[in-house]
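Heads up: the structure comes next, in structure tokens.
The values are calculated or read from the model by the stated rules, or taken from the named source; none is laboratory data. Every value quoted in this text rests on a predicted model; they were computed, and no experiment measured them. Cβ: placed from backbone, ideal geometry, glycine included. Neighbour counts: every protein chain shown. When the accessible area is computed, the model is the full protein with side chains, heavy atoms only, and any ligands, DNA or RNA have been set aside. Shrake-Rupley method; radii C 1.70, N 1.55, O 1.52, S 1.80 Å.
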Amino acid sequence: ALKAESKAGPSEVTVFAAADMEPVLQVLSPYFERRTGIKLKISFGSSATLSQQIVDGAPADIFLSADFTFAERVVAAGKADSTNPTPYARGILVLWERKDGPFQPLSLDVLSRKDLKSVAIANPDHAPYGRAALSAIKKLDVYPNLAPHLVQAESVGQAAQFALSGNAQLALMSQTIAMSGKYKEAGTFVLVPPVTYLEIRQCAVVIQNAKHRSEAHTLLNYLTSDPIQQHLPELGLRPVQ
Amino acid sequence: MFDTEALGLTLKLASITTVLLLLLALPLCYVIVFARSRGGVLLEALVALPLVLPPTLLGYYLLVGLGPLTAVGRTLTHLLGHTLAFSFPGLVVGSMLYSLPFAVQPLAAGLRSVDPRFLDAAATLGTSPLASFLRVALPLARPSLLTSAVLTFAHTVGEFGVVLMLGGNIPGQTRTLSIVLYDLAESGDFAAANRIAITLLVLSTAALAVLYLRPDRRAS
Amino acid sequence: MFDTEALGLTLKLASITTVLLLLLALPLCYVIVFARSRGGVLLEALVALPLVLPPTLLGYYLLVGLGPLTAVGRTLTHLLGHTLAFSFPGLVVGSMLYSLPFAVQPLAAGLRSVDPRFLDAAATLGTSPLASFLRVALPLARPSLLTSAVLTFAHTVGEFGVVLMLGGNIPGQTRTLSIVLYDLAESGDFAAANRIAITLLVLSTAALAVLYLRPDRRAS
Amino acid sequence: MFGPSGSGKSTLLRLIAGLLPQHSGVCQLHGRELRGMPPHRRRVVLVEQSPALFPNLNVEENITFARRSVFGRRDVEERRATDALLEDFQLGPLRGAAVHTLSGGERQRVAIARALYAEPKALLLDEVFTGMDAALRESLIAVLRRYQQRTGVPILSVTHDVGEAFATATELLRMRDGAVVAQGPPEQVLQAERSELLRSLAATQDVA
Amino acid sequence: MFGPSGSGKSTLLRLIAGLLPQHSGVCQLHGRELRGMPPHRRRVVLVEQSPALFPNLNVEENITFARRSVFGRRDVEERRATDALLEDFQLGPLRGAAVHTLSGGERQRVAIARALYAEPKALLLDEVFTGMDAALRESLIAVLRRYQQRTGVPILSVTHDVGEAFATATELLRMRDGAVVAQGPPEQVLQAERSELLRSLAATQDVA
Ligand SMILES: Nc1ncnc2c1ncn2[C@@H]1O[C@H](COP(=O)(O)OP(=O)(O)OP(=O)(O)O)[C@@H](O)[C@H]1O
Ligand SMILES: Nc1ncnc2c1ncn2[C@@H]1O[C@H](COP(=O)(O)OP(=O)(O)OP(=O)(O)O)[C@@H](O)[C@H]1O
Ligand code: MOO
Ligand SMILES: [Mg+2]
Ligand SMILES: [Mg+2]
């Protein structure tokens, strides 16, 4: 860290992070900064968007994907500094509704109701949480009922916003978002059974030619450290193991 | 496979928006340019406002402001039977707001540069201000009207932020070409993006050729 | 906290793009409007092309075309020391391409509606076509030049697709206001979005007031 | 009406037509006060020195401008009136010509014809005969005289040709420095004119 | 030069000035062939019937237009030339006036002054004296005569006033239906004119 500091002024690290990590990093980054003196410059988006940008040469130091596949895409493009993406958390999919919505108290049964108008999910091609949502809907045998009412958002963050603003009645989103301030206040959620979707194994890669590679590793080590892993459930994630 | 549905939707959105906006721009320009009141200046500034608001902001405000959380939004939702967001009419509203200045400004500039002597002549011949506007000023400002139409259409075809915020990516309803291209780019499908680009280029080159090679373009 | 960094970046991007584009639009308009050749028509159609290409497409092509996969891109990368994508100069290039028609079209329309009698008079007085363009046509088309500048600036402030594709979302370099707003919307931070909206409205109302309340606006 | 260049003749006409705001004085037509009335209600048609013909309309469309609505069709009677005007003003062959191809004299004739077609309550002519040869001028003055006899519409015409003024007018106005300095039957005004000229000559000699 | 309205006088002048394409015939000035030369190289200045003054410039800026570059400053000599022109054309008090406030006669004077300031090799005047009273016209003709004597620049002037033509010209041209039908010293042309008139009268009588 010291070496990088002398090279590039005040020490900072550019993080490309999946949208579900926004509330998590919001909580963690002040602690991390205080502890290491490294400032986080974070760009959020869907995992697909971010990985594609990194492949195209975006100056990220570390990529926190919401799954394994998009992290692997960066590795495959030869942009990662190791051949194996590092898992740092496991994601949880939930169904969320505003407290003043029509389906309170909320249960998974609403997904088969005929008077449903709109359900927001993230784009299954871009966002691991979207892929999980689509898989769950199919496994729960509600796809024929929901298909005409599905609204696709760019990332899980936007899917959440669609429901928060009341435009979509329901949203399938990450528990990280559902447990964060605004969403906790305005709505309620129920877990989607984990058996209905493939495990959301959130993986990170450090970028090979990164300007701040060592700081990136510092962050990765911090995230995978035991104290943080133990805190993950409070933030809506499960620890890696 | 090429997404003709998205192409059709985009052209439909751009056409409807252009027609509606020009119909709206005419009375607005009349008041702005011909009414020499403070009201005209105020209106002009108001109409120009969407210029400085990024489309994401407009989209966000429409999403929240016309969503079920506000009284206006609830009324609208009730009238339409669905939320304005995630629907084609919602995109039309968003596009109109987004492109309003592009319809009004070139036309207003054109009307302003009409020589007042023609309007004076029409007035002494007994033509009311409204009739002078329609029969004298507007025909003389035709190149500007055309510019307004072209820019509005184009601005709407190229719209991305508002659609992304407000649309919900529903095939046949809100999934426009700009969204399709975004999706393709994110999944790295260069071949499909190329097909769309070529289609657009051919279509638009044809349209522009029709527009620009018209014999009567330059008044001599 | 309000993102003044993004505001500054956006204004910087819009200003630089507007200045560069107007400097580019002047010679282009000269050729398009004053050279009565086929070349002028072709050039005009060419300049209009970005109109019909969605910003996401433009952004994608710039990303790929100026990226390390092409010879041009490699040369550029070598010269700059980094890829053009995800950098401020890259955004300037993208914005210029994206807003080019909005700089050229209103100005060209304005120049076209300058009464040719003034140009004839200048010519018999011994003024060369280029000098006539600068000293006669351009001053007479001033309202259109202003429209060009305003629309270009605004179009760039409101740019989202190109920036998203080409810029990524890097604070202080490519994270413009439109991107910030997109992020804020995702996190449901209505209060912060409001602050930005109000800042923009105040800034732009001031700018528009300066523009629209100038006393000499309407030649009498 | 006559008077030196810049003495305010055109300005007075524009004022009567309602194109300039009137700050003082009275302006009446057939007993109606015109002050404050917008120009398009006055039915006072002004033919300006270099008339503004609508460049997007051809000769015939310019002439018939006043009585066509936005989508108007014309009836037989109006068509006949147009034909008569085209003939009176020797514009028949130019009926469909684009106005930017017209010669100076042709433009002025179109403008006068356009004014008559509007059926004005008063007609103001600003140096419209100046760019015409003697023969054409005579014939146009004859046309206007017939028109005036038929309709009784007053015509106020500006000219620099004292001979023309004397021959055609029933009343003469002389302007100088923005004011009407003489008004009355032609003989009387010209008489005053002559004696004033003599006076000013005398004054110059006094100084010398 | 004179001839009936629409006979092609203005068209001929625009042709000489290079504003219309020349399809046949020769056009020479001081032995230089003008055909194909762009108008701004010809140094032939045309003052049109209703002159196009630059609306964004005031009177003085219009007059000095020709010899100012885009960013040009003017030297003392040019300033003196401007002052002389403003006085010759009785425009002194209007020096800074916006051109849209000028009267018809004032506009024409500005246009002539602007043309002289350009130091042309030939000057073409299209009915520029028509809107002026006799006194003003005389004084302007005197100014132009002085100018011509000093510089030797040929002046081709269109008029409808046969008397004026006779009094001022060294050579007369008569146009009809697009062609020059007579050319020569004033007496000769007017003589031909008269006999032709008699011939046509005779022809009419034959028919009757
Ligand atoms: N808006 C204005 N502001 C200032 N001065 C003006 C304005 N309009 C006209 N004038 C001046 O008023 C005077 C009278 O102009 P007007 O056009 O009435 O003259 P005129 O008698 O028609 O002359 P001419 O015979 O040359 O046409 C001119 O000196 C002109 O410069
Ligand atoms: N571009 C054109 N196309 C067709 N006809 C034209 C064109 N330009 C001029 N004309 C015609 O040529 C004729 C000659 O016009 P010109 O202006 O030379 O007449 P003029 O002798 O100056 O008449 P005046 O004394 O009325 O000014 C007119 O009948 C006019 O309508
Ligand atoms: O956090 Mo995601 O990549 O939008 O599912
Ligand atoms: Mg006058
Ligand atoms: Mg002529």
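Before moving on, here are some points about what is shown:
- Distance (nanometres) between label positions extended 7 Å along Cα→Cβ at E:Gln183 and D:Glu171: 5.1 nm
- 17 Å cut-off, amide nitrogen to a point 7 angstrom out along E:Lys121 Cα→Cβ, residues in the stretch C:122-137: C:123-128
- Summarising the label geometry, the points placed 7 Å from Cα in the beta-carbon direction at D:His100 and A:Val27 lie 7.2 nm from one another.
- Between the Cα long axis of helix A:213-224 and the first principal axis of chain A there is an angle of about 40°, rounded to the nearest 10.
- Ordering A:Gly181, A:Leu134, A:Val192 by Cα displacement along the dipole of the stretch A:111-195 toward the positive end leaves A:Val192 in first place; charges were set at the Cβ atoms of Lys, Arg (+1) and Asp, Glu (-1).
- Calculated label separations, B:Arg142, copies of the chain, 7 Å along the beta-carbon direction, nm: 2.9
- Separation of the stretch A:31-104 from the stretch A:184-241 is 9 Å, based on Cα centroids.
- Cβ charges +1 (Lys, Arg) and -1 (Asp, Glu), total dipole of chain B, debye: 700 debye
- Ligands, DNA and RNA left out, the 1.4 Å accessible surface of the stretch A:51-106 is 53% carbon and sulfur atoms.
- For A:Ala89, the residues whose amide H sits under 5 Å from its own are A:Gln202, ignoring neighbours fewer than 5 places away on the same chain, with H placed 1.01 Å from N.
- Anisotropy class of chain C from Cα gyration tensor, a/c 1.5 cut: oblate
- Nearest-ten-degree value, helix C:177-186 long axis tilted from longest Cα axis of chain C: 40 degrees
- Remark: the stretch A:96-112, residue by residue, has Karplus-estimated 3J(HN,Hα) of 10, 9, 5, 5, 8, x, x, 10, 7, x, 6, 9, 5, 4, 4, 5, 9 Hz, where x stands for each Gly or Pro and the curve is 6.51 cos²θ - 1.76 cosθ + 1.60 at θ = phi - 60°.
- Spherically averaged projected area in nm², based on the convex hull that wraps the Cα atoms of the stretch A:61-115: 6.5 nm²
- For the protein assembly as shown, the Cβ-based charge dipole about the Cα centre amounts to some 400 debye (Lys, Arg positive; Asp, Glu negative; other atoms uncharged).
- Sorted largest first by accessible area at a 1.4 angstrom probe radius, with every protein chain in place, the residues A:His149, A:His212 fall in the order A:His149, A:His212.
- Rounded tilt (10° steps) of B:71-80 against the dominant C-alpha axis of chain B: 80 degrees
- Accessible area (Å², 1.4 Å probe, nearest 10) - B:Tyr30: 60 Å²
- Taking a Cβ cut-off of under 13 Å around A:Lys79, the surrounding Lys, Arg, Asp and Glu residues balance to a net charge of -2, with basic ones at +1 and acidic ones at -1.
- Here's the picture: a label point sits 7 Å out from the Cα of D:Arg41 along the beta-carbon direction, and within the stretch B:107-132 the residues with their amide nitrogen under 13 Å of it are B:128-129.
- The magnitude of the dipole of chain A, with charges of +1 and -1 set on the Cβ of Lys/Arg and Asp/Glu and taken from the Cα centre, is near 60 debye.
- Shape call, the protein assembly as shown: gyration tensor on alpha carbons, a/c limit 1.5: prolate
- Per residue of peptide A:192-202, the mean number of Cβ atoms on other chains within 10 Å of the residue Cβ is 0.
- Cβ-derived FRET efficiency at R0 22 Å, A:Lys182 paired with A:Tyr143, nearest 0.05: 0.15
- Partner shielding of A:118-129 amounts to 2, given as the average count of beta-carbon atoms from other chains within 10 Å of each residue beta-carbon.
- Surface accessible to a 1.4 Å probe, per residue, for the residues of the protein assembly as shown, Å²: 43 Å²
- Taking other residues whose beta carbon is less than 11 angstrom from the beta carbon of A:Ala216, and scoring Lys, Arg as +1 and Asp, Glu as -1, yields -2.
- Between C:Gly67, C:Gly168, C:Gly81, the Gaussian network model of chain C with springs among Cα atoms under 10 angstrom shows the greatest mean-square fluctuation at C:Gly81.
- Heavy-atom accessible area, probed at 1.4 angstrom with all protein chains present, ranks C:Asp115, A:Asp61 as C:Asp115, A:Asp61, highest first.
- Looking at the stretch D:71-122, the chymotrypsin sites (Phe, Trp or Tyr not before Pro) that sit in a DSSP loop and have at most 14 other Cβ atoms within 10 Å of their own Cβ are D:Phe71.
- For D:Leu91, net neighbour charge (Lys/Arg +1, Asp/Glu -1) across residues whose Cβ lies under 10 Å away: -2
- Area of C:Thr174 that stays accessible when all protein chains are in place (1.4 Å probe, Å², to 10): 0 Å²
- Buried accessible surface for the B/D chain pair comes to about 1800 Å², total over both chains, computed with a 1.4 Å probe.
- Separation of the stretch C:98-126 from the stretch C:31-76 is 23 Å, based on Cα centroids.
- Euclidean distance between Cα centres, the stretch A:116-144 to the stretch B:140-204, Å: 27 Å
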